[in-house]
Every structure is written in structure tokens, then in C-alpha cells.
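S.K.: Before I ask anything, here is the structure I am working with.
Bear in mind these aren't lab numbers, they're just calculated from the coordinates by the rules spelled out. Note that the coordinates shown come from a computational prediction; the quantities given were computed from them, not determined experimentally. In this analysis, Cβ positions are derived from the backbone assuming ideal geometry, glycine residues included, and neighbour counts consider all displayed protein chains.
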Amino acid sequence: MSKNSNKQGSKAFAAAIKNVVRHRLFIPIAFLAILILLNVFINPGFLRISMGRDSAGNPVLIGNLINILNNATELVILAIGMTLVTAASKGQDISVGANIAIVGGVIMRLLCGNETQPTQLHAPVIVAFLLGCLAGMLCGAFNGILVARFNIQPMIATLILFTAGRSIGSMVMGGLKPKAVSSFGIYGNFIPGFPVPTPIIITLVVIIITFIALKRTNLGLYTRAVGINDKASRLNGLNPALVKFITFVIMGLCVGVAGFIQSSRVQTVNPYTIVPSIEMDVILAVALGGNSLSGGKFNMAGSVIGAYTIQTLTSMLTTLNVNTNAVPVFKAAIIIVLVIIQTPIVKSFFSKRAILSRLTAGSGKERS
Amino acid sequence: MIKMNKTLSAEGVSVRRGRQPLSDSSFLLTITISMFIAIYALAIAFLGDKGFSKIQMFFNLFNENAALIVIACGLTIVMISGSIDISVGGVTALICTACTVCLNNHGFNFYTALILALAIGLAFGIIQGFLVAYMEMQPFIVTLAGMFMGRGLVALIEVNQIQVRNEAFEKLSGSRIIVPFLGDYNKKGVFIPSKLEYGVVVAILIVIVCYLLLKKTRLGRSFYAVGGNAQSALMMGINVRKTRFLAHVLCGLLAGIGGFLYLFHTRSGSVQQATGLEMDAIAASIIGGTLLTGGVGNVIGTLFGVLTSGIVLLVVTAIGSQDPWWPQITRAAMLCFFIVLQSIICSRKKK
């Protein structure tokens with residue numbers, strides 16, 4: 001009797017394990033956990049968070065975890081937009097880094113005018129923020145028109161701004177490298193007297209807004225529908241072109257917010273070096289979150305966790321004294337492994353329907 | 001099937017061309033060539049005093065762009081087969097740095113450096129081709145990873161910019177071919193013959209070889225068939241996976257040659273080298289009439305694509321705007337124009 005219940009118990013346990021492993025958030029969370037464990041192994045004080053004081057004597061939180069949460073802000077915000085774009089248009093936007101340069105240029109131009117060392121802000125910060133977001137949305141709209149109206153593959157369409165964006169950013173700033181007054185820095189650093197870095201709060205707000213938008217509106221549903229089957233969604237009365245366009249504009253809005261935070265961090269913008277190769281990190285975050293890079297269903301929570309994972313990885317590589325330029329080697333290796341795991345061929349080896357998928361594989365149906 | 005016949009047999013194409021004077025591909029090619037000639041003529045007419053009327057200027061266009069021509073040929077082949085490769089810039093930077101380090105510190109000579117360059121290019125081509133063709137991964141993701149891998153490896157080898165310090169190599173790289181009968185008179189009225197770099201000869205040879213490969217060989221025709229419609233190509237008995245794989249391997253090999261020519265021209269290596277080269281090469285292919293969707297294009301168009309973007313950049317610089325941002329923006333605007341033009345032509349064809 002006891003043997004039998006034991007057997008049942010172990011069966012239930014096995015089933016529970018299977019459920020956990022099969023859960024779509026398993027891979028991203030497991031990867032993050034492994035990275036954090038590695039970090040603790042390298043640096044035993046990794047998880048410590050202490051209260052310190054900054055140069056002005058205000059209380060601030062100090063710790064590796066706080067740094068990762070803080071530095072991951074842009075990545076998380078961009079990953080949210082990229083998830084939608086990937087789901088709807090079956091491709092990725094590679095112009096996000098260049099667009100951030102444009103947004104940063106617009107914000108700096110508004111705040112500093114033509115001076116390099118202004119003593120005051122030339123425009124209210126809220127105006128700069130809104131116009132920065134507008135610039136980002138215009139970039140997104142440009143990409144969106146090319147993708148939705150002219151049916152160009154997203155990566156090729158965004159190649160145009162990827163090529164020109166940083167130069168446009170420099171042009172907007174008139175070739176100057178102004179530094180805004182330090183009061184602008186509160187959005188990228190700390191609000192005096194409040195110990196939590198402002199970007200972390202902004203990230204929370206953005207995540208909550210995204211959560212509400214996906215719960216309360218049809219955005220998520222429509223995006224999935226268009227991504228899974230463009231023609232079927234049209235027959236159901238959706239306008240696939242409009243949905244794709246909207247996802248690109250949302251991506252632009254995310255770029256605007258991220259660009260605002262980024263330019264507030266050091267209160268200055270160098271369009272040619274700002275957020276170098278962030279597009280790679282963002283795509284990696286989306287892939288790591290368990291999203292298929294060829295569109296369709298998406299998993300927003302996975303992308304957010306993926307973004308934090310990437311930031312943890314970056315900070316770990318920095319701790320290990322890896323040269324900044326060499327960091328992409330490791331990320332490229334991870335991207336390849338992740339995408340290999342996702343390919344139908346590898347999946348079919350682990351599934352019961354292997355024979356069926358092997359019959360259909362190689363028909364050359366994929367063409368990105 | 002009709003479409004396949006049309007693309008697969010070389011004779012079929014020529015017969016149909018007789019009836020249908022301007023196909024889409026040749027329409028785009030005509031636009032590119034006439035644009036090149038028009039811009040060059042305008043440059044001679046209005047900017048003649050800035051050196052555009054000199055014949056050497058024309059040859060300099062080739063001298064500067066020899067590596068790009070070779071790399072763009074590789075991209076044209078990959079794009080015809082319906083795939084893409086954006087790792088070529090990273091591969092070029094890797095080849096430049098690796099060869100420079102080997103030439104300086106490990107006693108490599110010209111030939112061993114060339115072999116190293118070809119090996120690096122082939123290695124990237126084979127790995128990416130395998131992942132794209134046999135693992136059915138998206139080419140853009142695979143080669144994006146390849147691009148970052150290439151650049152990252154450069155930083156692992158050498159972080160700073162380094163110059164080639166190898167006398168034999170420098171001597172060979174500095175030597176020029178004197179073009180017979182062509183040249184300019186300088187201010188004193190002395191005749192200076194035009195000079196060509198050795199790399200240009202290699203580049204032109206490769207364009208011819210690629211042209212013949214695409215037009216006359218079975219492999220070349222199967223690139224078109226696979227790019228045009230993989231399903232039909234499979235039904236016709238073409239090994240689709242192998243064809244895709246070979247397209248990537250060829251592109252890798254040409255990236256190896258192109259990377260070596262780049263080193264031969266610049267004689268240095270650094271992490272930031274050849275940034276955006278892949279975009280230039282893709283732009284040149286698109287401007288030359290290669291369709292992004294695959295199945296259409298040829299390398300002669302690509303050659304003119306490179307020359308057109310080269311002359312546009314020269315004109316933009318010569319017009320005298322000192323601002324450093326205009327070349328990139330002009331390049332992107334031109335890319336945008338041709339991409340939209342292609343898309344319009346494609347959608348018209350569907351109707």
C-alpha cells in the first residue's frame with residue numbers, strides 16, 4: 001500500500017517537474033538563475049545591497065543587483081517594443097540604437113540650444129521628453145510604412161535608418177557635443193533624497209502600462225493574429241498593415257523613452273557611440289525570453305526577464321575583465337545556441353511527432 | 001513550372017528577352033547605369049575643376065572600391081539564392097587584423113597571409129551556410145551573430161589599430177599598374193599616365209568569373225531557381241539545401257578574397273575597420289537590380305551599383321559640405337529610393 005502511494009507520489013512529482021520544465025518561462029528563468037549563481041560564485045558579495053551616500057550626501061542604494069536593475073532599463077523598455085514588432089512582422093528592428101541617437105540629439109538640441117556649456121535648460125524637460133518621444137515615433141512610423149505599406153522585410157527596411165540614424169543624430173545636434181545642466185540628470189540617476197535610482201521606477205511604470213495595455217486592449221490579440229497568419233487575420237476583418245504599423249510606432253515610443261533616460265544618465269550625447277550594438281542585445285533578450293524570432297505568439301514576461309538576463313551577463317563579463325569590444329563574441333555564441341534550440345529540426349528530435357515534421361522539413365518554406 | 005523554365009535555361013532567357021525587351025531586372029539595371037552616367041556627366045560639367053574631368057578619377061573609383069566590388073559579388077550570389085549575409089564587414093575586419101598580426105609577428109609572407117584570409121572567409125561561409133541551409137535558421141540572425149563574432153574576435157586578437165610592417169608585402173601593395181595610353185596632363189603640361197592597383201584586376205576578374213558562373217553553369221542557374229521558388233526547385237530535383245549551403249560558402253570565400261584586398265589597400269587592421277561594409281555591399285547589390293526576395297539579379301549590375309554609390313559619395317564630398325554626416329545620409333537615402341522602387345515593381349508584377 002505504502003509502496004503504491006509512493007509510486008503515485010513520485011509520478012505526481014515527475015508530472016510536476018515536467019510541467020515546470022515545459023512552462024514557457026522555464027528557459028529564461030533557469031538561465032537567469034544560473035547566471036546569478038555563477039556571479040555569486042565569482043563574487044560572494046554579489047547579492048549584497050547597502051545604503052550609501054552619493055557625492056551630494058543624499059542617501060542612495062548601492063549594490064550589484066541595483067546596478068543591473070538600473071542599467072537594464074533601456075534594454076527592458078526596448079525589448080517590450082521589439083517583442084511586439086517581432087510578433088507582428090516576423091522580423092526585427094535593427095535601427096533601435098541609431099534611433100536612440102536621433103532621439104538623444106533632439107533632446108540635447110532642445111535642452112541646450114546652440115551652447116556647449118549652457119547654464120540653464122533652454123526648454124522645459126517635459127517638452128524635450130515629449131518631442132523626443134515624437135522623434136522616436138516618427139522613426140518608427142518611417143520603418144512601419146516601409147514594412148507595412150511596401151512589404152519590405154523588416155530587417156532590410158530598418159537597415160536604412162541603421163545606416164543613417166547616427167549621422168542624423170549628429171546633424172540634429174549641429175555637430176556639437178553639449179552638456180546639459182546637472183538638474184536634468186535626475187531622470188537617469190537619483191532624485192535627491194530618494195534612494196532608488198529613477199530608471200528603475202520608470203521601468204516599473206513602463207512594465208505596468210504594458211501589462212495593462214495587453215490585458216485591457218486587443219493589442220496583444222491582434223498582434224498575435226497578424227503574426228500567426230496575415231491572410232487569415234485579414235479575412236477576419238483585421239487590417240494587418242495597420243497592426244504592423246502600430247507595433248512599429250510603439251517600438252518608436254519605447255525608443256523615445258529609452259533615449260530620454262540614456263541622455264539623462266550623463267547629460268550628454270555622442271551620437272556615434274551612444275548605446276553601441278544595443279540592437280543585438282535587444283534581439284537576444286527577445287530570443288532568450290522564449291519568443292520565436294519568426295513571429296506569431298509572444299511572451300512579454302519572458303522578454304523582460306531575458307533583458308535582465310542579458311544585463312547580468314554583460315556585468316558578469318565586465319567583472320571578469322573582458323574587453324568591451326570582445327563581449328559580442330560570447331553573446332553571439334549564446335544567440336546561436338538559443339536559435340539552434342528553437343529550430344524545428346532540433347525540436348523534432350525531441351518530440352513524438354518527429355516523423356511527421358521530418359517529412360515536411362526541407363520543403364524550403366522558410367524565407368525570411 | 002513556366003517560370004522555372006524561364007530562369008533555369010540560359011537559352012530560354014535570351015529567347016524571351018527578344019520578345020520582352022525590358023524585364024524587371026534589366027529595367028533596374030538600366031536605371032542604375034544611366035544614373036551612373038548622368039551623375040558622372042553632371043560631375044564633369046559642374047565640378048570639373050575638382051578633379052572629376054581627370055581620367056585618374058575614374059580609375060580611383062576602382063582603386064578605392066576593389067574590395068567592395070568582390071564582397072558585393074558574394075552578397076549578390078547569396079541574395080539571388082534567397083538568403084542574406086551581413087557578416088562580411090566583421091569578417092573583413094577579422095581578416096585584416098589577423099593577417100596583420102601574422103605578417104608582423106609570426107613571419108607570414110604574402111601567400112600564407114592570403115591562405116589565412118581565404119581560410120577565415122571559408123570557415124565563416126561553411127558554418128553560416130550549414131546553420132542556414134541544414135539547420136533551417138534565419139539567415140539574418142545567423143549572420144548577425146557572425147558579424148558580432150567577427151568583430152569580437154578582432155578585439156580578442158588586438159584592441160588597438162595596427163599597421164602592416166612587412167617590407168615585401170608593403171612593396172607589393174604600393175606598386176601600381178600603368179594603364180597604356182590613358183592619363184592626364186598636370187599643371188605644367190606633363191603627361192602623367194593613369195595608375196591602377198593590382199586589386200582592381202583581381203576584382204574585375206572575379207566579376208567576370210561570377211558572371212559566367214551565374215549565367216552558364218548548372219550551379220549558377222540553380223541559385224536562381226532556389227531563390228525564385230524553393231518549392232518548385234525542389235520538385236525539379238535541385239538539392240535546395242546544398243545549393244543554399246554552396247551560396248553561403250561562395251559568399252564566404254569571396255568575403256575572404258575581398259577582405260584580403262581590403263588589407264592590401266589599407267595595410268592596417270582595427271576593431272572599427274570596415275564598419276558598415278555589409279550595408280554598402282547590400283546597397284550596391286540592390287542598386288544593381290538584385291531583388292531582396294531572391295531569384296533576380298546579376299553581378300554586372302552590382303559592379304555598377306558599387307560605382308554609382310562611389311561616385312555619389314565623391315560628389316557629396318566635393319560639393320564641399322564639411323559636415324561629416326552627409327555621406328552616410330546620402331547613402332541611406334539612395335538605398336531607400338532603390339528599395340522602395342523594387343517594392344513597387346514587385347507589387348506591380350503581382351497584379
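S.K.: How far apart, in nm, are the 7 Å Cα→Cβ label points at B:Tyr198 and B:Ile126?
M.R.: 2.7 nm
S.K.: Here's something else I'd like to know. Would you mind ranking A:Tyr187, B:Tyr198, A:Tyr308 by Cβ crowding within 10 Å, fewest neighbours first?
M.R.: Ascending number of Cβ neighbours within 10 Å: B:Tyr198, A:Tyr187, A:Tyr308.
S.K.: Out of the trypsin sites (Lys or Arg not before Pro) in the range B:109-173, which ones are loop residues according to DSSP with at most 15 other C-beta atoms within 10 Å?
M.R.: B:Arg165
S.K.: How far is helix A:240-266 tilted off the main Cα axis of chain A, in degrees rounded to 10, range 0 to 90?
M.R.: Once rounded, one gets 50 degrees.
S.K.: Let me ask another. log10 I(q)/I(0), Debye, Cα-only the range B:90-155, no solvent, q = 0.11, 0.28 Å⁻¹?
M.R.: For the requested q values the scattering log ratios are -0.29, -1.13.
S.K.: Among the aspartates and glutamates, which have Cα under 16 Å from the Cα of A:Lys297 when same-chain residues fewer than 8 positions away are ignored?
M.R.: Once the sequence-local aspartates and glutamates are set aside, what remains near A:Lys297 is A:Asp230.
S.K.: Sum up the charges of everything whose Cβ sits under 15 Å from the Cβ of A:Ala333, counting Lys and Arg as +1 and Asp and Glu as -1, but leave A:Ala333 out.
M.R.: +1
S.K.: With Rg and the Kirkwood Rh both taken from Cα atoms, where does Rg over Rh land for the range B:152-247?
M.R.: The Rg/Rh ratio comes out at 1.23.
S.K.: Something else: Could you tell me how far the Cα centroid of the range A:288-324 sits from the Cα centroid of the range A:168-232, in Å?
M.R.: Between the Cα centres of the range A:168-232 and the range A:288-324 lies a distance of 17 Å.
S.K.: Please build a GNM for chain A, connecting alpha carbons under 10 Å apart, and tell me which residue among A:Ile250, A:Ile156, A:Ile34 fluctuates the most.
M.R.: Greatest mean-square fluctuation among the candidates belongs to A:Ile34.
S.K.: Leaving out same-chain residues fewer than 8 places away, which aspartates and glutamates sit with a Cα under 18 Å from that of B:Lys349?
M.R.: Reachable aspartates and glutamates: B:Asp24.
S.K.: Same structure, new question: Using just the alpha carbons, could you tell me how many Å³ per residue the convex hull of the range B:24-350 encloses?
M.R.: Enclosed volume per residue, from the Cα hull, is 147 Å³.
S.K.: Among residues other than B:His265 whose Cβ falls under 14 Å from its Cβ, what is the net charge (Lys/Arg +1, Asp/Glu -1)?
M.R.: Around B:His265, the charge tally is 0.
S.K.: If you project the alpha carbons of the range B:205-300 onto the principal axes, what extent comes out on each, in Å, largest first?
M.R.: Extents along the principal axes, in whole Å: 48, 23, 21.
S.K.: For chain A, count the residues as N, evaluate 2.2 N^0.38 Å, and divide the Cα radius of gyration by that value, please.
M.R.: So chain A has a normalised radius of gyration of 1.08.
S.K.: In which sequence would B:Ser87, A:Ser170, B:Ser268 go, from the one with the fewest C-beta neighbours within 10 Å to the one with the most?
M.R.: B:Ser268, A:Ser170, B:Ser87
S.K.: Taking just the alpha-carbon atoms of the protein assembly as shown, what radius of gyration and Dmax come out, in angstrom?
M.R.: 27.1, 111
S.K.: Sorting A:Ser294, B:Ser194 on the 10 Å Cβ count, fewest up front, what's the list?
M.R.: A:Ser294, B:Ser194
S.K.: Could you pull out the pairs from A:Lys18/A:Lys215; A:Lys90/A:Lys177; B:Lys54/B:Lys171 whose alpha carbons sit more than 30 Å apart here?
M.R.: Over 30 Å apart, Cα to Cα: A:Lys90/A:Lys177.
S.K.: Still on this structure: Determine the sum of side-chain charges near B:Phe130: Lys and Arg each +1, Asp and Glu each -1, restricted to other residues whose C-beta is under 12 angstrom from that of B:Phe130.
M.R.: +2
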